[in-house]
Amino acid sequence: MAPPPLIAVLNGPNINMLGMREPEKYGAATLDDLEALCAEAAESLGLAIDFRQTNAEGELINWVQECRGRAAGIVINPAGYTHTSVALMDALLAVELPVIEVHITNIHRREEFRHHSYVSKAATGVIAGLGVGGYALALRAMAERVAPGAAELGEGGAPRRDEDG
Ligand code: DHK
């Protein structure tokens, strides 16, 4: 049997503070809880995950680059780098993999500076405002795209390079 497709689940700065950080916005789940949630979702979907968090932009970019030829897709919460990092966007475009951008909060209901995402330019899809459960939804969407037979699933299984612009 073929090994399960590997999905990198990458988290940017301050996601290690989950559970302590502004819980009214980000909820009570910790980073460990989030990893467990992702592991459980991945197992039920027949995916393997490599779950990571860093506060460093360069490290996040290195991890994205390492996905090329190694991972089948990337689920990423770029956190603050969402709104600032052209370099992260470039790395995500360079790896030519399906990318699902996740935000725990609804960035469009928050401050104006959070409304723009450089990363969205490189993303197949975006999930925002559904709490940490958004990661499980992202993994489900990823499974539809990368699992064998995904093409039969219709829209969700279509090749990635179909976005506008
Ligand atoms: C997380 C952050 O750390 C913020 O910088 C983003 C995002 C929103 C989230 O909702 O997960 O603006």
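Of the residues making up the stretch 76-110, those that are of a type outside the set (Ser, Thr, Tyr), farther than 21 Å from Glu59 by Cβ and near the ligand (Cβ under 8 Å from one of its atoms) are Asn106, Ile107, Arg110.
Condition first: farther than 16 Å from Asn55 by Cβ and touching a residue at least 60 places away in the same chain (Cβ under 8 Å). Can you find one or more residues in the stretch 75-88 that meet it? There is at least one residue in the stretch 75-88 that is farther than 16 Å from Asn55 by Cβ and touching a residue at least 60 places away in the same chain (Cβ under 8 Å). Only one of the numbered conditions (1) more than 15 Å from the ligand (Cβ to nearest atom); (2) open to solvent by less than 50 Å² (accessible area, probe 1.4 Å); (3) over 14 Å from the mean Cα position of the chain (by Cα) is violated by Gln65, and that is (2). Check Met142 against each of (1) within 15 Å of Leu37 (Cβ to Cβ); (2) open to solvent by less than 10 Å² (accessible area, probe 1.4 Å); (3) within 16 Å of the ligand (Cβ to nearest atom); (4) in a helix (DSSP H, G or I) and name the one condition it does not meet. Condition not satisfied by Met142: (3). Among the residues making up the stretch 1-26, those that are near the ligand (Cβ under 10 Å from one of its atoms) and open to solvent by less than 60 Å² (accessible area, probe 1.4 Å) are Asn11, Gly12, Pro13, Ile15, Leu18, Arg21, Tyr26. Here Ile49 does not qualify as within 16 Å of the ligand (Cβ to nearest atom), in contact with a helix residue (DSSP H, G or I) (Cβ under 8 Å, 6 or more places away or on another chain) and among the hydrophobic types (A, V, I, L, M, F, W, C).
With respect to (1) more than 19 Å from Pro4 (Cβ to Cβ); (2) at pLDDT 95 or above, the lone exception for Gly154 is condition (2).
The values are calculated or read from the model by the stated rules, or taken from the named source; none is laboratory data. Owing to the predicted nature of the structure, the values given are computational and were not obtained by experimental measurement. Cβ coordinates were reconstructed from backbone atoms using ideal geometry, including for glycine residues, and neighbour counts include every protein chain displayed. These accessible areas exclude ligands, DNA and RNA; they are computed on the full protein's heavy atoms, side chains included. Shrake-Rupley method; radii C 1.70, N 1.55, O 1.52, S 1.80 Å.
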